[in-house]
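Structure first, then comments.
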């Protein structure tokens with residue numbers, strides 16, 4: 001597009017956009033800044049720079065256990081929901097069997113209802129069949145909340161390429177299964193990777209559904225929620241939060257980059 | 001044509017919900033034939049091709065290839081291979097990997113596999129492109145990859161879905177010649193789908209014209225053009241002038257037709273379809289015009305030249321005749337500008353006896 | 001395949017093409033349906049079944065009673081009567097709706113110009129802007145909400161900042177623990193998510209429409225109201241529902257910055273499942289809220305369609 005001419009610049013709008021960016025980022029930057037403040041109080045004035053809140057994290061075994069639990073839950077939830085969604089996305093985009101919209105709607109329900117209600121519904125169900133709350137119940141809950149997002153990601157990936165690729169493979173003598181390995185999977189791979197990362201982050205970050213399904217083993221957000229009540233533990237939580245934000249932002253940018261690269265490579269001209 | 005059809009499509013129908021995409025089609029295609037399915041979009045030609053390949057299952061009827069019924073044969077076990085409209089050249093594989101894709105199943109020794117791939121690449125003039133990725137190829141090159149990939153399987157039948165539609169005009173004409181030569185050299189039966197009449201004529205031995213899921217006519221290109229079976233076929237294949245006509249008399253095996261302001265003609269009774277509405281038809285290039293009436297012409301009338309257009313290798317003239325609802329189109333390859341009539345000129349147009357068709361609607 | 005059945009349909013007489021009469025076959029269940037259902041099976045077994053049973057058990061529980069920690073099956077409408085008529089639940093429900101609707105409206109108003117900027121003026125930097133606006137907000141919901149407590153709290157960033165500048169001597173108490181604080185926090189949390197659907201719907205608008213409108217004499221303002229806005233209505237609808245539905249049931253924000261006057265219906269539900277320990281009533285209240293949310297969402301969708309049809 002040329003740099004001059006019809007609708008190419010709008011300074012007031014740009015200034016407004018920058019202002020919104022400031023509004024969005026200010027709280028996060030404040031958290032980051034105070035995580036280095038050498039004071040137990042999160043208040044002005046600054047008392048000097050320190051890394052002691054970060055050091056405090058290294059000796060907290062409860063925190064380490066929660067982090068480990070979150071990683072386990074996140075990895076399993078991401079793997080399972082992405083596999084389920086990949087199969088389901090292939091079904092809805094490639095086969096026109098009746099009832100597929102109803103099935104997709106049912107599975108997508110968690111995106112369409114307040115999380116608290118989903119959490120209590122799952123809790124009532126688990127209680128009614130006498131299942132004890134544990135990491136396993138958290139994993140089930142997370143698979144349920146992650147799958148709709150994985151499904152959206154995978155469906156758009158499947159819609160992004162020509163079904164003729166799979167037909168061509170069948171036509172050249174491959175079976176349905178070998179076609180999946182030789183053609184489908186390589187083509188949807190960028191979607192699989194971004195779905196894995198996205199669902200991991202959703203699981204890793206989830207508080208509300210987890211809150212209802214937690215037994216004695218805590219995930220990181222549940223641990224943080226319990227710590228936020230104690231004012232002497234706040235600075236360490238700020239340090240932990242800053243670490244999480246930085247790491248997950250890097251992961252998300254990776255997802256976005258992979259997604260765009262994937263779209264570029266298989267776009268048929 | 002041999003007696004035994006190589007591909008036999010026997011009363012095949014395909015319904016999608018209430019839509020009859022293909023409606024009771026029967027066709028026989030011989031071994032080594034270059035056969036075209038021609039029709040406007042939505043006429044069912046692609047569905048028919050996909051049923052031969054095995055991607056769609058007939059609702060009724062059956063397809064035989066080389067004597068074998070195909071009903072329970074999935075696409076990966078059929079003796080057919082397909083060149084897709086989008087070519088479907090796998091974007092994540094190189095040219096060489098694409099061409100060799102279908103050989104994996106055949107478990108060949110690696111030297112044999114390499115030899116077959118080299119042969120196939122040579123056949124489509126892509127030697128040396130082995131390591132390229134599809135996004136580094138032009139449309140024409142991608143099509144060659146798709147061709148080589150299908151032909152390397154040594155299919156009994158090669159199916160092509162609008163093989164040239166994605167190419168620009170000049171490349172399309174080049175590839176037409178090449179496809180034709182290729183088919184001659186490999187001797188495989190080719191069945192291809194197109195909406196382009198010129199392409200169908202240029203490539204094929206026989207053409208089946210399809211409308212609304214049915215085959216309207218199957219014939220050689222020349223016979224299709226000269227003896228279309230209906231006004232619809234005639235109108236789809238090239239241009240045609242149609243005139244209303246009324247039967248006024250019938251005796252000794254001939255019928256007299258009144259063609260309005262153009263006069264009357266006598267035609268053999270067997271040429272006039274019975275019990276259905278019909279029209280008299282003539283191709284634009286067979287309509288003559290001159291300053292004086294030509295007595296030998298069966299149909300003639302005084303006409304006024306409404307306008308003309310110079311098309312390069314020929315010119316098109318549009319005439320109005322009093323009493324005719326639609327203008328008459330004539331086409332000549334007059335190259336002498338001085339002898340061109342001026343717009344508004346009063347002329348006699350005529351149609352020679354032998355070049356008049358009577359077609360059912 | 002075992003599931004498919006083959007039955008012979010007699011060929012019509014008189015139309016024999018060849019000596020071998022074709023057998024006309026029809027499968028009861030087409031092959032690709034079986035593949036499709038097979039691929040859907042795992043997700044339906046895990047997510048579909050769990051969700052369906054979760055819904056059913058909650059609905060059932062809402063008609064039951066509770067003795068001690070045990071749920072007693074039965075059928076009573078008492079829970080619904082209580083959920084609808086208790087002034088406490090009426091209050092938290094009404095407050096939830098008021099807070100959520102205000103949040104939705106504010107968020108859309110703030111997000112629209114940004115989305116408009118991104119769609120039409122961001123040029124080649126568009127991707128950078130999008131990543132900048134959306135990426136950090138996929139994570140750390142808890143911390144982002146908490147940061148507002150840190151900012152607005154009695155000894156928080158604003159109060160301590162103003163105090164150390166000497167502008168105030170006592171902390172400003174109106175900043176936090178009220179519905180306004182809840183709204184500020186929710187708007188901040190959901191703004192990035194509102195921008196995306198709005199951006200998508202605006203980005204799809206072909207620039208030639210705008211050029212045509214200008215060519216036909218529209219000013220920039222006319223062009224916006226006659227072309228851009230009507231075409232972006234689906235995006236506005238999607239964005240508002242995306243914010244309204246989760247914010248009505250938000251639990252974390254009112255807990256952190258709402259104070260006693262900022263509690264919403266989710267807090268009531270959680271209390272019924274926790275401290276108060278009346279799960280049937282909690283289930284009934286959850287179902288009442290979801291019915292209200294769904295009803296309002298459907299009414300909103302219906303009205304928006306009507307209005308945009310009339311505009312078109």
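Residue A:28 meets all of the listed conditions (1) outside any loop (DSSP other than H, G, I, E, B); (2) within 12 Å of another protein chain (Cβ to nearest Cβ); (3) free of Cβ contacts under 8 Å to residues at least 60 places away in the same chain; (4) surrounded by 12 or more Cβ atoms within 10 Å (Cβ to Cβ) but one, namely (3). Looking across B:179, B:158, one residue alone is surrounded by 21 or more Cβ atoms within 10 Å (Cβ to Cβ), more than 14 Å from the chain's Cα centre (by Cα) and part of a helix (DSSP H, G or I). It is B:179.
Would it be correct to say that residue A:89 is within 12 Å of another protein chain (Cβ to nearest Cβ), surrounded by 20 or more Cβ atoms within 10 Å (Cβ to Cβ) and under 25 Å from the mean Cα position of the chain (by Cα)? Yes, satisfied. Determine which single condition residue B:92 fails, assuming it passes every other condition in (1) buried (at least 22 other Cβ atoms within 10 Å of the Cβ); (2) in a loop (DSSP other than H, G, I, E, B). Condition (1) is where residue B:92 drops out. Of the strands (runs of 3 or more DSSP E) lying entirely inside the range B:249-361, those containing at least 1 residues that are under 31 Å from the mean Cα position of the chain (by Cα) are B:264-268, B:278-282, B:288-290, B:299-310, B:315-320, B:328-332, B:346-351, B:357-360.
Of everything listed in (1) touching a helix residue (DSSP H, G or I) at 6+ places or on another chain (Cβ under 8 Å); (2) within 14 Å of chain A (Cβ to nearest Cβ); (3) free of Cβ contacts under 8 Å to residues at least 60 places away in the same chain, the single unmet condition for residue B:94 is (1).
Could you list all residues from the range A:153-167 that are in contact with a helix residue (DSSP H, G or I) (Cβ under 8 Å, 6 or more places away or on another chain) and either crowded, with 17+ Cβ neighbours inside 10 Å or within 7 Å of another protein chain (Cβ to nearest Cβ) (or both)? Residues satisfying the conditions are A:153, A:154, A:155, A:157, A:158, A:160, A:161, A:165, A:166, A:167.
If we scan the range C:174-188, do we find a residue that is within 9 Å of chain A (Cβ to nearest Cβ) and at pLDDT below 85? Checked the range C:174-188: no residue is within 9 Å of chain A (Cβ to nearest Cβ) and at pLDDT below 85.
Yes or no, residue by residue, for (1) within 10 Å of chain A (Cβ to nearest Cβ); (2) surrounded by fewer than 19 Cβ atoms within 10 Å (Cβ to Cβ):
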position: B:107; (1), (2): no, yes
position: B:114; (1), (2): no, yes
position: B:118; (1), (2): no, yes
position: B:122; (1), (2): no, yes
position: B:144; (1), (2): no, no
position: B:149; (1), (2): yes, no
position: B:154; (1), (2): no, yes
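Among the residues of the range C:82-112, what is the count of those that are over 21 Å from the mean Cα position of the chain (by Cα), surrounded by fewer than 22 Cβ atoms within 10 Å (Cβ to Cβ) and assigned to a helix (DSSP H, G or I)?
Total meeting the criteria: 8.
Can you find, within the range C:257-276, the residue that is surrounded by the fewest Cβ atoms within 10 Å (Cβ to Cβ) among those that are away from chain A (no Cβ under 12 Å) and within 16 Å of residue C:69 (Cβ to Cβ)? The selected residue is C:275.
To keep it simple, each residue is scored yes or no on (1) within 24 Å of the chain's Cα centre (by Cα); (2) farther than 18 Å from residue B:139 by Cβ.
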{"residue": "B:63", "(1), (2)": "yes, yes"}
{"residue": "B:68", "(1), (2)": "no, yes"}
{"residue": "B:72", "(1), (2)": "no, yes"}
{"residue": "B:84", "(1), (2)": "yes, no"}
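For the range C:141-176, the set of residues classified as out of contact with any helix residue (DSSP H, G or I) (no Cβ under 8 Å at 6 or more places or on another chain), within 21 Å of residue A:228 (Cα to Cα) and in a helix (DSSP H, G or I) consists of C:160, C:173, listed by residue number. Just one of the listed residues (C:230, C:254) is at pLDDT below 90, touching a helix residue (DSSP H, G or I) at 6+ places or on another chain (Cβ under 8 Å) and either more than 9 Å from every other protein chain (Cβ to nearest Cβ) or outside any helix (DSSP H, G or I) (or both), and it is C:230.
Listed residues C:63, C:53; which is within 14 Å of chain A (Cβ to nearest Cβ), more than 17 Å from residue C:270 (Cβ to Cβ) and not in a helix (DSSP H, G or I)?
Going through C:63, C:53 in turn, the sole match is C:63.
When the strands (runs of 3 or more DSSP E) confined to the range B:1-86 are screened for residues that are in contact with a strand residue (DSSP E or B) (Cβ under 9 Å, 6 or more places away or on another chain) and within 14 Å of chain C (Cβ to nearest Cβ), those reaching at least 1 such residues are found at B:7-16, B:19-29, B:60-65. For the range A:185-206, residues that are surrounded by fewer than 20 Cβ atoms within 10 Å (Cβ to Cβ) and either within 11 Å of another protein chain (Cβ to nearest Cβ) or more than 30 Å from residue B:94 (Cβ to Cβ) (or both) total 3. Only one entry in B:158, B:171 is in contact with a helix residue (DSSP H, G or I) (Cβ under 7 Å, 6 or more places away or on another chain), free of Cβ contacts under 8 Å to residues at least 60 places away in the same chain and over 17 Å from residue B:127 (Cβ atoms), namely B:171.
Answer with yes or no whether residue B:242 is under 22 Å from residue B:162 (Cβ atoms) and either touching a residue at least 12 places away in the same chain (Cβ under 8 Å) or assigned to a helix (DSSP H, G or I) (or both). Considered against the rule, which asks whether it is under 22 Å from residue B:162 (Cβ atoms) and either touching a residue at least 12 places away in the same chain (Cβ under 8 Å) or assigned to a helix (DSSP H, G or I) (or both), residue B:242 comes out as no.
All of A:248, A:242 fail the test of being part of a helix (DSSP H, G or I), within 9 Å of another protein chain (Cβ to nearest Cβ), at pLDDT below 85 and on the phi < 0 side of the Ramachandran plot, apart from A:248.
So is residue C:246 facing another protein chain (nearest Cβ under 8 Å) and either under 26 Å from residue C:193 (Cα atoms) or at pLDDT 90 or above (or both) or not? Judged against the criteria, residue C:246 is a match. Every listed requirement among (1) assigned to a helix (DSSP H, G or I); (2) touching a residue at least 24 places away in the same chain (Cβ under 8 Å); (3) buried (at least 17 other Cβ atoms within 10 Å of the Cβ) is met by residue A:57 save one, (3). For residue A:65, the conditions (1) part of a loop (DSSP other than H, G, I, E, B); (2) at pLDDT 90 or above all hold with the exception of (1). Based on what the data block shows, is residue A:48 more than 7 Å from chain C (Cβ to nearest Cβ) and at positive phi? Answer is yes for this residue. Of all residues in the range B:274-295, none satisfies being surrounded by 14 or more Cβ atoms within 10 Å (Cβ to Cβ), modelled with pLDDT under 85 and under 24 Å from residue B:237 (Cα atoms). Residues in the range A:104-141 that are free of Cβ contacts under 8 Å to residues at least 12 places away in the same chain and either more than 9 Å from every other protein chain (Cβ to nearest Cβ) or part of a helix (DSSP H, G or I) (or both): A:105, A:106, A:112, A:117, A:121, A:124, A:125, A:127, A:128, A:130, A:131, A:136.
The values are calculated or read from the model by the stated rules, or taken from the named source; none is laboratory data. Quick caveat, the model's predicted, so the values are computed rather than measured. In this analysis, Cβ positions are derived from the backbone assuming ideal geometry, glycine residues included, and neighbour counts consider all displayed protein chains.
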